[in-house]
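Enquirer: Following this message is one structure expressed as structure tokens.
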Amino acid sequence: MSERALYREAQRTALILAAAQALVGASAPIAISMGGLAGSYLLGTDKSLATAPVTGYNVGVALAALPAAMLMRAVGRRNGFVAGAGVAALGGAVSAFALFIAHFWLFAFGMLLVGGGIAFTQQYRFAAADNAPADFKPRAISWVLSGGIFAAVIGPQTAIHMRELFAPVMFAGAFVGIIGLAGLGAVVLSFLRLPKDAPQAALDDHQPPRPLFEILRQPRFVAALFCGVSSFALMTFVMTGAPLAMVGCGFTPDEATLGISWHVMAMFAPSFVTGRLIARFGKEKVVAVGLLLLIGCGLVALSGIALWQFWLALILLGVGWNFGFIGATAMVADCYRPSERNKVQGVHDLILFSLVAFSSLMSGRVYNAFGWDLLNWIIFPVAGSCLLMLAVVALRRRRARAA
């Protein structure tokens, strides 16, 4: 295949995955914006476990990370992605049913299944990068994540317009919406045509795979993992508590949902330019800017509790996540060979979403115990530690070049 044909195929793959991100990925803002509110609706006077369903969602993403990678290694990425959309649809059905029978823990389990389906969407970015020429990899990742812009509109609007569809059973309609979105996503994914989409595709590489520990202990990989996990965990920690804080400050559930919509849009809108920024300024610098934006989010959130301050903080949180996470993902992609991709990507996402799940659980508990301010104070030491690690990696690289 000619170089031009390779680029065209990589672009086609990225566009299909972006469309799937918009549809299947729309389940995520529905789960995040409605999960805590629906959990609170199902609970009695003690609301300390209100965000447990959102934790269930994140636990599902974490638990499915390795099985998703193994399934796609066995049956190919296209079939695996379609199966993942089916899992998300099943999760929407279970969640809706749980709301009809007012069963809190069944609802949390349904959210876990939605998260399991979303675990497959987390592999979209790797699929786009692995099937793109080297200089197109960051842009391929950005293209895929740009589908989240549409997810940021589709998901919350589905939640707003379908939330009371089955009144007086609140929120059930939003989760029924997940079924349709995931079904449409499965249709889009069926058009994928991946050159390496076959069982044992990783064996195409002539370089033998290294031991997993040898890959994981690379300083660059450690820094990339730490920054990616921190960016995602901080984003989840603040975002999960934000709807509860907004409603607690007297704003309506629709205003809280729109705040999440602005946030999710900010998470993905920069994707149109993030790849170009990485190509021009380097991965580490883009990650550093993302971390500084997360710090900016904390400063705005601590400055007051007007609606515009909540929304602006969530926008900064989204853009900071975009730069931090895409930059860190691109760094991770530099650290493994094609023959190592399945195990490294699976372990990476297992670690990532295990800590993200923990952060979502702690968000509700910290908010209920200490309030909105402490959620945002925690940003500063974590982001500062990431910036320090990036500086150490940059210094090591400079010394290696000078040697």
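Enquirer: Taking VAL393 as meeting all but one of (1) closer than 21 Å to PHE213 by Cα; (2) under 19 Å from the mean Cα position of the chain (by Cα), write down the number of the exception.
Expert: Here VAL393 meets the rest and fails (2).
Enquirer: Within the range 282-313, take every residue that is of a type outside the set (Val, Ile, Thr) and not in a helix (DSSP H, G or I) and give me the one that is surrounded by the most Cβ atoms within 10 Å (Cβ to Cβ).
Expert: Going residue by residue through the range 282-313, those that are of a type outside the set (Val, Ile, Thr) are 282-285, 288, 290-294, 296-299, 301-304, 306-313.
Those left that are additionally not in a helix (DSSP H, G or I): 282, 303-304, 306.
Numbers: GLY282: 15, SER303: 12, GLY304: 10, ALA306: 11.
The extreme case among them is GLY282.
Enquirer: Another question about this same structure. Determine whether ALA151 is of a type in the set (Gly, Ala, Ser) and not in a helix (DSSP H, G or I).
Expert: Working: of a type in the set (Gly, Ala, Ser): yes; not in a helix (DSSP H, G or I): no.
It is false that ALA151 is of a type in the set (Gly, Ala, Ser) and not in a helix (DSSP H, G or I).
Enquirer: Does any residue in the range 93-121 that is over 17 Å from PRO67 (Cβ atoms) come within less than 7 Å, Cβ to Cβ, of a residue that is of a type outside the set (Ser, Thr, Tyr) and outside any helix (DSSP H, G or I) six or more places away or on a different chain, and which pairs are these?
Expert: Pairs found: LEU99/VAL169; LEU99/PHE171; PHE100/VAL169; PHE104/LEU43.
Enquirer: Does PHE175 count as under 25 Å from SER354 (Cα atoms), in contact with a Pro (Cβ under 8 Å, 6 or more places away or on another chain) and in a helix (DSSP H, G or I)?
Expert: In short, no.
Enquirer: If you check ALA93, ALA85, which single one turns out to be at pLDDT 95 or above, surrounded by fewer than 20 Cβ atoms within 10 Å (Cβ to Cβ) and either outside any helix (DSSP H, G or I) or not hydroxyl-bearing (Ser, Thr, Tyr) (or both)?
Expert: On the way: ALA85 fails: surrounded by fewer than 20 Cβ atoms within 10 Å (Cβ to Cβ).
ALA93 is the lone residue from the list that is at pLDDT 95 or above, surrounded by fewer than 20 Cβ atoms within 10 Å (Cβ to Cβ) and either outside any helix (DSSP H, G or I) or not hydroxyl-bearing (Ser, Thr, Tyr) (or both).
Enquirer: Name the residues in the range 237-250 that are crowded, with 19+ Cβ neighbours inside 10 Å and not polar (S, T, N, Q), would you? First the steps, then the outcome.
Expert: Initial filter on the range 237-250 (crowded, with 19+ Cβ neighbours inside 10 Å): 237-246.
Selection gives PHE237, VAL238, MET239, GLY241, ALA242, PRO243, LEU244, ALA245, MET246.
Enquirer: Still on this model: May I ask you to list the residues in the range 237-281 that are outside any helix (DSSP H, G or I) and within 22 Å of the chain's Cα centre (by Cα)? Spell out the reasoning first.
Expert: Of the range 237-281, the ones outside any helix (DSSP H, G or I) are 249-252, 269-270.
Those that are outside any helix (DSSP H, G or I) and within 22 Å of the chain's Cα centre (by Cα): ALA269, PRO270.
Enquirer: Any idea how many residues of the range 351-361 are touching a helix residue (DSSP H, G or I) at 6+ places or on another chain (Cβ under 7 Å), of a type in the set (A, V, I, L, M, F, W, C) and over 13 Å from PHE226 (Cα atoms)? Please lay out each step first, then the result.
Expert: Quick first cut of the range 351-361, residues touching a helix residue (DSSP H, G or I) at 6+ places or on another chain (Cβ under 7 Å) only: 351-357, 359-361.
Imposing the further condition that a residue be of a type in the set (A, V, I, L, M, F, W, C) reduces the set to 351-353, 355-357, 361.
Then drop every residue that is not over 13 Å from PHE226 (Cα atoms), which leaves 357, 361.
Selection size over the range 351-361: 2.
Enquirer: Still on this structure, please answer the following. Quick check on the range 96-140: of everything there that is among the polar types (S, T, N, Q) and not in a helix (DSSP H, G or I), which residue is farthest from GLY327 (Cα to Cα)?
Expert: Ranking the candidates gives ASN131 first.
Enquirer: Here's a follow-up. Hey, which of the helices (runs of 4 or more DSSP H) in the range 334-403, taking only ones fully inside, have at least 2 residues that are aliphatic (A, V, I, L, M) and under 23 Å from GLY248 (Cβ atoms)?
Expert: Working: elements: 341-370, 372-377, 379-402.
Correct list: 341-370, 372-377.
Enquirer: Could you list, in sequence order, all residues of the range 1-12 that are under 10 Å from ASN131 (Cα atoms) and either exposed (fewer than 12 other Cβ atoms within 10 Å of the Cβ) or in contact with a helix residue (DSSP H, G or I) (Cβ under 6 Å, 6 or more places away or on another chain) (or both)? Lay out the reasoning, then the answer.
Expert: Just the residues of the range 1-12 that are under 10 Å from ASN131 (Cα atoms), to begin with: 6-7, 9-11.
Selection gives ALA10 alone.
Enquirer: Only one of GLY76, GLY35, GLY44 is in contact with a Phe, Trp or Tyr (Cβ under 8 Å, 6 or more places away or on another chain) and either under 14 Å from SER360 (Cβ atoms) or not acidic (Asp, Glu) (or both); which? If you could, list the steps in order and put the result at the bottom.
Expert: Numbers: GLY76 fails: in contact with a Phe, Trp or Tyr (Cβ under 8 Å, 6 or more places away or on another chain); GLY44 fails: in contact with a Phe, Trp or Tyr (Cβ under 8 Å, 6 or more places away or on another chain).
The match here is GLY35.
Enquirer: Which one of these does PRO381 not meet: (1) surrounded by 15 or more Cβ atoms within 10 Å (Cβ to Cβ); (2) over 28 Å from LYS137 (Cα atoms); (3) modelled with pLDDT of 85 or more?
Expert: Going through the list (1) surrounded by 15 or more Cβ atoms within 10 Å (Cβ to Cβ); (2) over 28 Å from LYS137 (Cα atoms); (3) modelled with pLDDT of 85 or more, PRO381 breaks only (1).
Enquirer: Sticking with this one: Would you check if there is a residue in the range 322-330 being farther than 25 Å from GLY39 by Cα and not in a helix (DSSP H, G or I)? Walk me through how you get there before you give the answer.
Expert: Filtering the range 322-330 for residues farther than 25 Å from GLY39 by Cα gives 322-330.
Next cut, not in a helix (DSSP H, G or I) only: none.
No, the range 322-330 contains no residue that is farther than 25 Å from GLY39 by Cα and not in a helix (DSSP H, G or I).
Enquirer: Based on what the data block shows, is ALA31 modelled with pLDDT of 85 or more, more than 23 Å from SER190 (Cβ to Cβ), surrounded by 21 or more Cβ atoms within 10 Å (Cβ to Cβ) and of a type outside the set (D, E, K, R)? Working first, answer last.
Expert: Numbers: modelled with pLDDT of 85 or more: yes; more than 23 Å from SER190 (Cβ to Cβ): yes; surrounded by 21 or more Cβ atoms within 10 Å (Cβ to Cβ): yes; of a type outside the set (D, E, K, R): yes.
Yes; evaluated as a whole, the condition is true for this residue.
The values are calculated or read from the model by the stated rules, or taken from the named source; none is laboratory data. What you are looking at is a predicted structure, and each value in this text was computed from that prediction instead of being measured. Ideal geometry is used to build each Cβ from the backbone, glycine not excepted, and the neighbour counts take in all protein chains shown.
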